[in-house]
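Only one structure is covered here, and it is reproduced in the block below.
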Amino acid sequence: MNSITGLGGCKEVGRSAFLLDFGEKFLLDFGVKLNPIGIEYPLDIRENIKAIIISHAHLDHSGFLPYFYKHSDCVSFMTQPTLELADILWADSIKIAEFEGMAPKYTKAEIERTHKHNFIVPYKKKINISEDVSLEFFDAGHILGSALTKLDYAGESFLYTGDFKLDAMQLHSGSDMSMGKVDYVMIESTYGDREHPNRKDAEKRLCESVQDTVDRGGWAIVPAFAVGRSQEVVDILTKYNITADIYLDGMGKKVSDLYLKHANLIKDSNGLKKGLKQVKWVQGPGDRKQALKKPSVIVTTSGMMKGGPVIGYVQKIMNDPNSKIHLSGYQGDATPGRMLQDEGKLPYGKEEAVIKVNCQYEKFDLSAHPGQSEMIRALKKWDPKKVFLVHGDSKVMPIFQKKIKEELGISAEILELGMKTKFD
């Protein structure tokens, strides 16, 4: 009997890791969960793993993979951009741990071992990963290199979505649905209880708000994830012709170079290239001072305001009623971004006393995840006999589970952490 065991990413967003057993055992993703009070890791693996498959580079899906290679010689599979982006994030994780006086969970040596045991798989190239199981990646439309993973075994098929986006965004055309019908689907549930606003309307609102902020003499701060969101925001703002300097701070530069390197995988590479030429790259403290000399737009990490350059900028403008913080992505529980979004407060100073901000703030929905109706449309196309729900809040998932049953008449099971779920 085949089974899935959730080692992370069950009734939570973060540390995605799933053990899939077809007689041979495969690990789908191996990520971490970054909390303000520390890092959560997947449950321990005591099984002999045949292969690891990484859906995309974000740390909540790839961030613990080098640790695996402290003790294993197992092979791993991912796309080329996923490996290159993950490399940047893994190296940064070591730096952050050392900066915070913590021992990193893995070293550069383990990252090198990860490379040694990794096999690059392009989209839509079916390969055998064991005698009885084949793998095929399809563009997930989430970030550069993200993949929907289709596994064929014993005359049946299993699809793991990882993070995906069915509808088009500024940089991506939406997920490739050409795999057709599948028997079993394990699907993310991040926004399983709601819809996203019209994408073009959300982009227009962001641009108008940014322009209004600068026009009234304030700074428009846009906290953004380094991988995917920073590039998307730059592309949106430059196409809208914002009449102010736009600065890009954080890891966005290295990541942006990779986006241009893999231009064939994004929707409008010429538009992004043009946009990235227009922005001012922040290289250090001098450039940050320059960005704060006159009203400007600053796109900066981290997206949930947990650390990185955004902290310095926000502390400079948080008491300026003309300035505005434009949240551009998902804000995890207990993060400063969520605190700002819900309460209008932020931690401040070394003691991190929580204080009310006097600048303006607003959340803009530029999500690279599907809304509820997008996921229902995807499931209609896949037409599985059973669905497994992962990567979602415990309050959201039962709503999505009920919707799948009502709309599609398909049984959907919410995976529980550490529990084995059997299926035929």
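Quick one: which strands (runs of 3 or more DSSP E) sit completely within the stretch 1-44 and have at least 2 residues that are modelled with pLDDT of 95 or more?
On the way: elements: 2-8, 17-21, 25-28, 33-35, 38-40.
Hits in the stretch 1-44: 2-8, 17-21, 25-28.
Out of curiosity, is Lys324 assigned by TED's automatic domain parsing to the domain that holds Val222, more than 25 Å from Asp176 (Cα to Cα), basic (Lys, Arg) and touching a residue at least 24 places away in the same chain (Cβ under 8 Å)? Can you show your working first?
Values: assigned by TED's automatic domain parsing to the domain that holds Val222: yes; more than 25 Å from Asp176 (Cα to Cα): yes; basic (Lys, Arg): yes; touching a residue at least 24 places away in the same chain (Cβ under 8 Å): yes.
For Lys324, the condition - assigned by TED's automatic domain parsing to the domain that holds Val222, more than 25 Å from Asp176 (Cα to Cα), basic (Lys, Arg) and touching a residue at least 24 places away in the same chain (Cβ under 8 Å) - is met.
Every residue, every condition in (1) assigned to a helix (DSSP H, G or I); (2) without any contact (Cβ under 8 Å) to a residue 12 or more places away in the chain; (3) out of contact with any Gly (no Cβ under 8 Å at 6 or more places or on another chain), yes or no:
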{"position": "Ala368", "(1), (2), (3)": "no, no, no"}
{"position": "Pro384", "(1), (2), (3)": "no, no, yes"}
{"position": "Leu389", "(1), (2), (3)": "no, no, no"}
{"position": "Gly392", "(1), (2), (3)": "no, no, no"}
{"position": "Pro398", "(1), (2), (3)": "yes, no, yes"}
{"position": "Lys402", "(1), (2), (3)": "yes, yes, yes"}
{"position": "Ala412", "(1), (2), (3)": "no, no, yes"}
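Return the total of residues in the stretch 209-244 being crowded, with 17+ Cβ neighbours inside 10 Å and acidic (Asp, Glu).
The total comes to 2.
Find the residue count for the stretch 319-336, including only residues that are at pLDDT 95 or above and of a type in the set (D, E, K, R).
Looking only at that region, the number is 2.
Output the residue which, of all residues in the stretch 45-73 that are small (Gly, Ala, Ser) and not in a loop (DSSP other than H, G, I, E, B), is surrounded by the fewest Cβ atoms within 10 Å (Cβ to Cβ). Walk me through it before giving the result.
Going residue by residue through the stretch 45-73, those that are small (Gly, Ala, Ser) are 51, 55, 57, 62-63, 72.
Applying the additional criterion that residues be not in a loop (DSSP other than H, G, I, E, B) yields 51, 62.
On the way: Ala51: 19, Ser62: 28.
Among residues in the stretch 45-73 that are small (Gly, Ala, Ser) and not in a loop (DSSP other than H, G, I, E, B), the one surrounded by the fewest Cβ atoms within 10 Å (Cβ to Cβ) is Ala51.
Among the listed residues Ala109, Ala86, Ala140, which satisfies the condition of being farther than 18 Å from Val227 by Cβ and small (Gly, Ala, Ser)?
On the way: Ala86 fails: farther than 18 Å from Val227 by Cβ; Ala140 fails: farther than 18 Å from Val227 by Cβ.
After applying the criteria, what remains is Ala109.
Is it the case that Leu258 is assigned to a helix (DSSP H, G or I), under 17 Å from the mean Cα position of the chain (by Cα), surrounded by fewer than 22 Cβ atoms within 10 Å (Cβ to Cβ) and assigned by TED's automatic domain parsing to the domain that holds Gln331?
On the way: assigned to a helix (DSSP H, G or I): yes; under 17 Å from the mean Cα position of the chain (by Cα): yes; surrounded by fewer than 22 Cβ atoms within 10 Å (Cβ to Cβ): yes; assigned by TED's automatic domain parsing to the domain that holds Gln331: yes.
Taking the combined requirement at face value, the residue satisfies it.
Has the stretch 306-313 got at least one residue that is in contact with a strand residue (DSSP E or B) (Cβ under 9 Å, 6 or more places away or on another chain), crowded, with 21+ Cβ neighbours inside 10 Å and either without any contact (Cβ under 8 Å) to a residue 12 or more places away in the chain or among the aromatic types (Phe, Trp, Tyr) (or both)?
Looking through the stretch 306-313, at least one residue is in contact with a strand residue (DSSP E or B) (Cβ under 9 Å, 6 or more places away or on another chain), crowded, with 21+ Cβ neighbours inside 10 Å and either without any contact (Cβ under 8 Å) to a residue 12 or more places away in the chain or among the aromatic types (Phe, Trp, Tyr) (or both).
May I ask you to list pairs of residues, at least six apart or on different chains, whose Cβ atoms are under 8 Å apart, with the first in the stretch 120-138 being assigned by TED's automatic domain parsing to the domain that holds Ala154 and on the phi > 0 side of the Ramachandran plot and the second being surrounded by 12 or more Cβ atoms within 10 Å (Cβ to Cβ) and small (Gly, Ala, Ser)?
Note: no pairs meet the criteria.
The values are calculated or read from the model by the stated rules, or taken from the named source; none is laboratory data. Values in this document were obtained by computation on a predicted structure and should not be read as measured data. Positions of Cβ are generated from backbone atoms using ideal geometry, with glycine treated the same way; all protein chains shown enter the neighbour counts.
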